[in-house]
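The values are calculated or read from the model by the stated rules, or taken from the named source; none is laboratory data. Keep in mind the model is a prediction, meaning the values are calculated, not measured. In this analysis, Cβ positions are derived from the backbone assuming ideal geometry, glycine residues included, and neighbour counts consider all displayed protein chains. Heads up: the accessible areas ignore ligands, DNA and RNA and are worked out on the full protein's heavy atoms, side chains in. Shrake-Rupley method; radii C 1.70, N 1.55, O 1.52, S 1.80 Å.
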Amino acid sequence: MTPPSDASDASDASDAFDENSHATEVRERWARPENGSVLAAVRDALTGGGDWRGLLRDWTQPWGTDNDLAGIPLAGADLSGTDLTGVHLGYADLRGCALTGCDLTDASLTGADLRGATLVDATLTRVNGGLCDLTAADLSGVHADDAVLSRARLVGTSLRGASLRGAKLVGADLTDADLSEADLSSAVLIAARTEGAVMTGARLEGVRRGTLRP
């Protein structure tokens, strides 16, 4: 039996509320005065090649978590070449960050703000980046096979020469994105918005594209 539409709407509203509450919680912890020194130390370690994972382990006792950077404010930081494998950066502020050559394999970028960030030649294999905002970011040459970018914003984003084999881009907004020479083999672009997207030379073998108009 199909539930009434008002029940479905209420469920969607509840999910959105839970998501917003979590985003607010992980962001606010970094803004608390008592955590200011931790934020400064972690930021310095990330940008200077220090042991940021060790700092996180000490901070998150007794759990000893060394990969939880969810919600962290790092706008404009230069993290080029940093090993960020498996890190949790959900809802983080990464606007304008330099992430060139970073290894973000298996990382979580759910809801992260990456507007204008530079991720040239970064590794995003199996990244979970649902709902993240990559508007006007530079992802040229990224390796993002099997990445989840469902409902992500990639408006005006450069994905030239990117490897997106098997990537999930369900409901993603690729308006005016540059996918020239990108490899989208077996990617899923159902319900993706592609108005104005450039796909010159892109590989589209096995793509599930719904209404995609290459």
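Return the residues of the stretch 10-23 that are surrounded by 12 or more Cβ atoms within 10 Å (Cβ to Cβ), at pLDDT 85 or above and within 18 Å of ASP68 (Cβ to Cβ); say none if nothing qualifies.
Selection gives HIS22, ALA23.
In the set ARG193, ARG203, which member is under 30 Å from HIS22 (Cβ atoms), in contact with a strand residue (DSSP E or B) (Cβ under 6 Å, 6 or more places away or on another chain) and among the basic types (Lys, Arg)? I'd like the intermediate steps shown before the answer.
On the way: ARG203 fails: under 30 Å from HIS22 (Cβ atoms).
Step by step, each of ARG193, ARG203 is checked, and only ARG193 is under 30 Å from HIS22 (Cβ atoms), in contact with a strand residue (DSSP E or B) (Cβ under 6 Å, 6 or more places away or on another chain) and among the basic types (Lys, Arg).
Quick one: what pairs do we get from the stretch 141-159, first residue in a loop (DSSP other than H, G, I, E, B), second aliphatic (A, V, I, L, M) and open to solvent by 40 Å² or more (accessible area, probe 1.4 Å), C-beta under 7 Å, 6+ apart or different chains?
Here the result reads SER150/VAL170; ARG151/LEU131; ALA152/LEU131; GLY156/ALA136; THR157/ALA136, each pair linking the stretch 141-159 to a residue that is aliphatic (A, V, I, L, M) and open to solvent by 40 Å² or more (accessible area, probe 1.4 Å).
Residues of the stretch 71-85 being aliphatic (A, V, I, L, M) and open to solvent by less than 10 Å² (accessible area, probe 1.4 Å), which ones?
Across the stretch 71-85, the qualifying residues are ILE72, LEU74, ALA77, LEU79, LEU84.
How many residues are open to solvent by less than 40 Å² (accessible area, probe 1.4 Å) and assigned to a loop (DSSP other than H, G, I, E, B) if we restrict to the stretch 162-195?
19
One residue is enough: does the stretch 87-105 have a residue meeting the conditions outside any loop (DSSP other than H, G, I, E, B) and over 19 Å from GLY48 (Cβ atoms)?
yes
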